[in-house]
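Working notes, beginning with the structure itself.
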Amino acid sequence: MKPDIITANPLGTERVGKLMIRYAIPSIISIVVNSLYNMVDQIFIGQGVGYLGNAATNVIMPLTTILMAIALDPIFIFVCQWGVKGAAWATILGQILNAAFFAVCLFRFKTIKLKREYFMPRPQIARRLASLGVSSLISQIASVFVIAVTNNLLVTYGAASPYGSDIPMAVFGIVMKVSSLVSGITLGLAAGVQPILGYNYGSGQYPRVKRTYKLALGIGSAIMVAAFFIFQIFPEQIINLFGKESELYIEFAVKCFRVYLLACFLIPAGAVTGIFFQAIGKPVPATLLSLSRQIIFLIPAMLIFGYFMGVEGVLWAGPFSDGLSGVISLITVWLSWKKIFGKEAKQ
């Protein structure tokens with residue numbers, strides 16, 4: 001009788017760089033496609049309706065962030081001439097078709113045969129999964145809350161500025177969607193390396209864990225540094241994709257890109273570090289880091305800076321939050337390094 005052959009798990013043996021390509025690319029594509037939809041949605045609305053249409057979609061952005069779906073917009077906006085109503089119906093139809101598609105895929109697995117008992121919740125497993133996933137849940141909910149608060153502040157302080165209440169809200173929505181397209185690459189990268197981090201930490205292969213973290217952080221930071229220069233050098237060219245409006249509109253758009261995204265290159269520090277703690281089973285620091293950027297720093301900064309500086313103060317809260325949360329994330333992982341890895345910490 002031949003002895004059993006145990007095949008090593010590639011997560012623990014394959015080159016880290018190769019694993020990152022295999023696991024991160026699908027995650028990046030998923031996030032970027034959704035971000036691309038949101039951005040293209042704004043382009044069609046800006047070209048077909050105007051900046052007030054973009055402002056309207058920014059108001060309902062918290063809801064679409066929760067629903068996360070894809071929709072065909074050009075047909076309903078231009079062919080059917082439904083304007084903003086067309087964008088709304090396209091989104092609804094996309095959500096229905098998207099849900100139906102995943103329902104079909106769920107029962108067409110070839111490698112896993114689903115059984116009825118698998119759908120029965122197990123309290124111990126559910127608690128463990130919930131504790132590890134709570135940071136992602138909080139981050140998603142926080143983004144919705146931040147958008148709602150930001151919109152209100154931009155309308156309030158914008159009304160007292162030369163830009164009025166509509167321009168700041170419309171522009172900010174565009175800036176957020178453009179930046180999310182680029183930062184989505186970093187977030188997808190971080191999500192993609194999560195199984196690599198988790199498996200190697202669980203199997204005690206700490207050097208591979210550290211290499212994965214450092215590589216993900218380095219690649220993500222390089223991407224956002226490139227994005228930083230694009231946002232600083234070409235803001236007017238980017239905003240013109242969404243329709244050409246008044247001089248005040250262009251002026252505020254350029255200011256929004258250059259100020260609000262001034263420290264965007266530090267976003268990967270928080271994203272990758274948060275996923276790192278989540279992957280190795282440390283929900284508390286993962287949750288705190290998820291809260292730090294948007295809830296703990298950004299909203300108070302918007303309220304304080306806005307009170308003293310008006311609508312521009314709301315913009316300056318962005319780099320303040322990105323910078324502070326990024327630095328704190330790096331300090332946190334540095335202080336935790338030895339405790340997590342013990343004698344392997346110096347490697």
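The values are calculated or read from the model by the stated rules, or taken from the named source; none is laboratory data. Quantities reported herein were computed from a predicted structural model and do not represent experimental measurements. Every residue, glycine as well, gets a Cβ built from its backbone with ideal geometry; the counts of neighbours run over all protein chains shown. Quick note on the areas: whole protein, heavy atoms, side chains included, nothing else; ligands and nucleic acids left out. Shrake-Rupley method; radii C 1.70, N 1.55, O 1.52, S 1.80 Å.
Structure summary
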{"read-out": "Residue ID - modelled with the lowest pLDDT, chosen from residues in segment 260-289 that are over 14 Å from VAL333 (Cβ atoms) and not β-branched (Val, Ile, Thr)", "value": "PRO283"}
{"read-out": "Residue satisfying condition, being in a helix (DSSP H, G or I), under 27 Å from ALA301 (Cβ atoms) and at pLDDT below 85, within set ALA130, ALA142", "value": "ALA142"}
{"read-out": "Candidates SER221, SER183, SER165 - the one that is touching a helix residue (DSSP H, G or I) at 6+ places or on another chain (Cβ under 6 Å) and modelled with pLDDT of 90 or more", "value": "SER221"}
{"read-out": "Boolean, PRO319 is at pLDDT 90 or above, assigned to a helix (DSSP H, G or I) and buried (at least 19 other Cβ atoms within 10 Å of the Cβ)", "value": "no"}
{"read-out": "Residue within segment 223-232 that is of a type in the set (Gly, Ala, Ser), surrounded by fewer than 21 Cβ atoms within 10 Å (Cβ to Cβ) and at negative phi present", "value": "yes"}
{"read-out": "Criterion (in contact with a Phe, Trp or Tyr (Cβ under 8 Å, 6 or more places away or on another chain), in contact (Cβ under 8 Å) with a residue 40 or more places away in the chain and under 24 Å from VAL314 (Cβ atoms)) met by exactly one of VAL272, VAL209, VAL259", "value": "VAL259"}
{"read-out": "Some residue of segment 291-312 being of a type outside the set (S, T, N, Q), over 20 Å from THR150 (Cα atoms), buried (at least 24 other Cβ atoms within 10 Å of the Cβ) and touching a residue at least 12 places away in the same chain (Cβ under 8 Å)", "value": "no"}
{"read-out": "Neighbours by Cβ (under 6 Å, 6+ apart or cross-chain): first from segment 146-160, on the phi < 0 side of the Ramachandran plot and of a type outside the set (A, V, I, L, M); second assigned to a helix (DSSP H, G or I) and surrounded by 22 or more Cβ atoms within 10 Å (Cβ to Cβ)", "value": "ASN151/MET169; TYR157/VAL311; GLY158/PRO168; GLY158/VAL311"}
{"read-out": "Residues (hydrophobic (A, V, I, L, M, F, W, C) and open to solvent by less than 10 Å² (accessible area, probe 1.4 Å)) located in segment 147-166", "value": "LEU154"}
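Each row is one residue, and each column tells you yes or no for (1) in contact with a Lys or Arg (Cβ under 7 Å, 6 or more places away or on another chain); (2) under 21 Å from ILE167 (Cβ atoms).
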residue	(1), (2)
ILE185	no, no
GLY188	no, no
ASN200	yes, no
ARG208	no, no
LEU217	no, no
GLY220	no, no
ALA227	no, no
PHE234	no, yes
PHE252	no, yes
